[in-house]
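A short worksheet on the structure shown next.
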Amino acid sequence: MWRKRRFRQEAIAGYLFVAPNLIGFLVFQLIPIVAAVGLSFTAWDLINDPQWVGLANYRTLLKDPVFRLSLQKTFLFVIINVPLQSVLALIIAVLLNQNIRFQNLLRTLFIVPWVSMSVAVGLTWTWIFNSQFGIINQILQRLGMQRIPWLASQDWALPSVIAVNIWQYLGFHIIVFLTGLQLIPREVTEAAIVDGASAWTRFWRITIPLVSPILFYDLIVNMIGTFQIFDLPFAMTNGGPGNATRVYNLYLYQKGFQFLRMGEATAMAVILFLLIVATSVLFFRIIGRRINYDIT
Amino acid sequence: MKRTAWFVLAVLLMSLLFSAAAGAQKVQLRYMFWDQNQEEAYRASIEEFMRRNPDIEVVMELVEWNDYWTRLTTGMAARNLPDVFWGHAAYFSGFVARGALLDLKPYIERDNVDTSIYYQRLLDVWHYEGAQYGLPKDWDTIAIFYNKDLFDRAGVPYPTDDWTWNPQDGGDFVRIAQLLTLDDQGRNALDPDFDPDRIVQYGFGDIAGSNMQAGWLNFVWMNGGTGVIDKPYGNKFVLNEPEAVEALQFWSDLVNKYHVAPPPEATVAGGSAWDLFTAERFAMVPAGSWMLTAGRSIEAFSWDVVGLPWGPKGRVSAFNGLAHNIYANTPHKEEAWRLVKWLEGYESQKIVAEYGTVFPAVESLVDVFLNAYAGREPENVAVYIDLTENTGTWPMHVNWNEIFDVIGRELDLAFGGFIDIPSAIANIEAQVSHLLE
């Protein structure tokens with residue numbers, strides 16, 4: 001009897017502890033998600049009440065060439081951004097983890113862009129990239145080279161935005177990897193040094209296998225985040241020139257708030273949600289199984 | 001008996017107190033607007049309104065243009081919107097067709113409001129399917145701001161109001177712009193050694209697909225084109241007329257053939273044409289009269305304004321204006337109407353005109369505005385009034401925002417020299433045809 005009461009008290013305490021988080025999740029995540037699924041079956045212009053239209057929004061989207069284009073741009077963004085950004089962050093984290101000079105200064109320098117406001121970052125880069133008056137092209141011309149239409153041409157714009165994105169969020173991924181590197185037991189590394197393993201061998205035989213769960217985690221988080229990319233294309237190019245950087249969430253935003261087609265916008269959100277779930281499952285199936293979780 | 005008397009007195013006192021409390025209960029109206037330059041003038045007008053209408057309290061909410069329309073749409077979704085707000089032709093057609101705005105026609109007729117005091121074309125902007133959703137508050141036309149110092153330095157006389165352009169050889173307009181376009185060796189665009197890849201100063205700026213009102217649409221009209229859509233709320237795309245295509249080609253030529261203006265990206269991504277004009281990178285920019293207030297803060301150089309150059313079919317300027325709209329679901333329709341009636345009325349427009357920020361929509365008050373402007377730069381401000389002689393109006397369509405998004409994107413590619421104008425027009429036509437139905 002006493003035990004049972006004690007158990008119940010602990011349970012109540014436990015629920016109370018998770019309550020703030022749970023309430024936040026319900027109010028700000030679950031309810032909007034469920035509402036979005038419901039709204040995706042309606043025509044809603046934000047002004048009048050939503051009207052039930054069944055699957056009409058989904059059919060409209062499948063016929064919409066810009067929808068397909070924005071999906072394609074987003075996939076391209078993910079495919080280029082995720083591996084480059086995560087691997088670059090891992091390499092920098094390994095270097096920063098050594099005993100080098102100015103370690104703290106360097107760490108700070110990589111973190112600053114991440115904690116800066118991305119609209120401000122984006123606008124600053126548009127000045128730097130400006131084909132006529134930007135600093136990069138002025139330097140290129142001083143060196144006797146041709147101007148590059150960084151944000152002006154349809155071929156260059158997406159890579160330019162991706163480059164800024166990689167740079168801006170590198171700091172976050174570096175922190176993730178630095179944490180992972182701290183988890184590698186010192187004895188393992190020391191034993192390898194005693195056995196005469198070179199730095200290169202240690203990196204491939206010890207660091208990589210032991211940090212692989214973190215690498216996997218980082219790739220998943222990066223993938224999910226990049227699918228939802230919005231801020232930099234919005235601030236830097238507004239999707240242009242033409243449709244060159246019109247990523248999925250930018251088009252979704254326009255549909256909802258500029259074109260007053262909130263039903264279609266929510267349908268886009270539902271499709272993106274399913275795509276992210278499917279890609280994550282695929283990730284777990286293909287890579288997740290090969291990860292060594294036994295760190296010690 | 002005595003007790004009863006006390007009771008009666010108490011009841012009387014209490015009812016008095018309650019009625020006093022009820023009298024103090026003012027109706028609160030929320031008023032949303034986007035232009036900080038006009039805040040002072042409208043605050044003065046609204047204070048006068050509240051003095052005359054002690055039962056109404058007006059709360060002014062300033063929301064910058066970039067957030068303004070998102071705030072309005074999300075506000076509509078949440079059923080939580082200002083009662084009275086500034087309307088713009090670009091967004092009016094989408095809102096009105098979806099029933100977001102209150103029809104003022106019954107109120108105008110009931111109160112016998114004299115609408116003949118306004119410019120009639122401005123009144124028509126707020127007209128939809130036999131109803132009237134706004135009375136004009138102000139107006140604007142398009143002229144060209146030029147940097148006098150840069151003209152002096154190049155030894156070029158200032159442009160005069162009879163200058164011309166044409167799509168064949170560009171006319172005076174292009175010639176003047178060429179003389180003011182300089183490469184990093186100081187050679188102008190007419191010099192045989194001029195290097196178009198190293199331009200440091202442009203004669204003209206603000207070539208962008210999105211710059212319709214102050215930009216390409218005026219040149220389409222001046223070349224004899226109809227515009228974008230055949231008529232307000234029409235369903236025929238007319239930007240493919242040969243006259244329109246020719247004018248758009250001329251705009252592309254300014255960048256790609258004459259090299260007197262930078263491609264769209266230079267003024268869209270990072271820094272607007274206005275920033276580059278004030279930084280003395282552009283000698284001339286097309287500017288609506290709403291930019292006059294911003295122009296007053298220019299201290300680095302002296303400047304003036306000249307009318308648009310005359311085209312093959314005369315000189316035509318976009319003519320547009322704002323109005324105060326009332327939210328259709330406001331619980332205070334009557335009070336909101338009283339405020340709007342005051343704001344668009346003669347007295348309020350006079351108060352606002354005295355601040356000299358925007359041209360008043362009441363035709364007879366234009367001189368009040370000009371008097372307020374006397375002695376200030378630009379000297380030639382009255383040219384904006386001359387430009388009302390021959391005007392075109394904003395294309396109206398319920399799907400306008402979507403149509404304009406497509407036009408902006410495709411024209412940017414063409415003005416940037418990546419595709420030609422006929423392909424851009426064909427692309428636009430293919431994408432907007434289902435939106436125009």
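Values in this text are rule-based calculations from the coordinates and carry no lab data. Keep in mind it's a predicted model, so treat the numbers as computed, not measured. Counting neighbours? That spans all protein chains shown, and the Cβs are built from the backbone with ideal geometry, glycine included.
Dipole of the stretch A:127-223 computed with +1 at Lys/Arg Cβ and -1 at Asp/Glu Cβ about the Cα centre; of A:Leu181, A:Phe216, A:Met145, farthest Cα towards the positive end is A:Met145.
Projecting the Cα atoms of A:Gln258, B:Asn256, A:Leu90 onto the charge dipole of the protein assembly as shown, computed from C-beta unit charges around the Cα centre, puts A:Leu90 farthest toward the positive end. Multiplying the residue separation of A:Ile128 and A:Asn48 by 0.36 nm and subtracting their alpha-carbon distance yields 24.4 nm. For the stretch A:65-290, the alpha-carbon radius of gyration amounts to 1.18 times the rule-of-thumb value 2.2 N^0.38 Å expected for a compact globular protein.
Spacing of the modelled spin labels on A:Arg147 and B:Lys257, each 7 Å from Cα toward Cβ, amounts to 2.0 nm. Of the trypsin sites (Lys or Arg not before Pro) found in the stretch B:348-436, the ones in coil according to DSSP and having at most 13 other Cβ atoms within 10 Å of their Cβ are B:Arg376. Modelled label positions at A:Leu55 and B:Val59, each set 7 Å beyond Cα in the direction of Cβ, lie 4.7 nm from each other.
Here the 3J(HN,Hα) profile of the stretch B:277-282, calculated from phi with Karplus coefficients 6.51, -1.76 and 1.60 at θ = phi - 60°, is 5, 6, 8, 6, 8, 10 Hz, Gly and Pro shown as x.
With a cap of 13 neighbouring Cβ atoms within 10 Å, and only residues DSSP puts in a loop, list the trypsin sites (Lys or Arg not before Pro) found in the stretch A:98-163. Of the trypsin sites (Lys or Arg not before Pro), the ones in loops of the stretch A:98-163 whose Cβ has at most 13 other Cβ atoms within 10 Å are A:Arg101. Distant-in-sequence amide contacts of B:Ala323, defined by a placed amide H-H separation under 5 Å and a gap of 5 or more residues or a different chain, comprise B:Gly87, B:Lys137. Counting 0.36 nm for each residue step from A:Arg6 to A:Ile224 and taking away their Cα separation leaves a gain of 74.3 nm. Listed values for the stretch B:310-319 are Karplus-derived 3J(HN,Hα) couplings in whole Hz (6.51 cos²θ - 1.76 cosθ + 1.60, θ = phi - 60°), namely 6, x, x, 10, x, 10, 10, 10, 5, 10, and x replaces Gly and Pro.
Which of B:Ile385, B:Trp163, B:Pro331 sits farthest toward the positive end of the charge dipole of chain B, with +1 on the Cβ of Lys and Arg and -1 on the Cβ of Asp and Glu? So the residue furthest toward the plus end is B:Pro331. The magnitude of the dipole of chain A, with charges of +1 and -1 set on the Cβ of Lys/Arg and Asp/Glu and taken from the Cα centre, is near 480 debye.
When each of B:Arg30, B:Arg281 is scored by the number of other beta-carbon atoms lying within 10 Å, the sequence from fewest to most is B:Arg30, B:Arg281. Taking 14 Å as the straight-line reach from the Cα of A:Lys73, the aspartates and glutamates in range (excluding those fewer than 8 positions away in the same chain) are A:Asp155. Once the cut-off is 47 Å, how many percent of the Cα-Cα pairs in the protein assembly as shown end up in the long-distance tail? I get 33 percent for the Cα pairs in the protein assembly as shown exceeding 47 Å. Sorted fewest first by neighbouring Cβ atoms within 10 angstrom, B:Ile108, B:Ile425, A:Ile135 come out as A:Ile135, B:Ile108, B:Ile425.
Around the Cα centre of the protein assembly as shown, unit charges on the Cβ atoms of Lys, Arg, Asp and Glu (plus for the first two, minus for the last two) sum to a dipole of about 4280 debye.
Placing a pseudo-label 7 Å from each Cα along the Cα-to-Cβ vector at B:Ile108 and A:Thr179 gives an inter-label distance of 6.3 nm. Mind scanning B:Lys148/B:Lys257; B:Lys148/B:Lys231; B:Lys26/B:Lys341; B:Lys26/B:Lys137 and naming the pairs with a C-alpha gap bigger than 28 Å? The answer is B:Lys148/B:Lys231.
For B:Phe359, the residues whose amide H sits under 5 Å from its own are B:Trp139, ignoring neighbours fewer than 5 places away on the same chain, with H placed 1.01 Å from N. Note on the protein assembly as shown: antiparallel DSSP beta bridges, both residues inside, total approximately 65 percent of the bridges counted. A viscosity of 1.306 mPa s and a temperature of 10 °C, combined with the Kirkwood radius over Cα pairs in Stokes-Einstein, give a translational diffusion coefficient for the stretch A:93-172 of 111 µm²/s. The length gained on full extension between A:Thr201 and A:Ala13, counted as 0.36 nm times the residue separation minus their Cα-Cα distance, comes to 62.7 nm.
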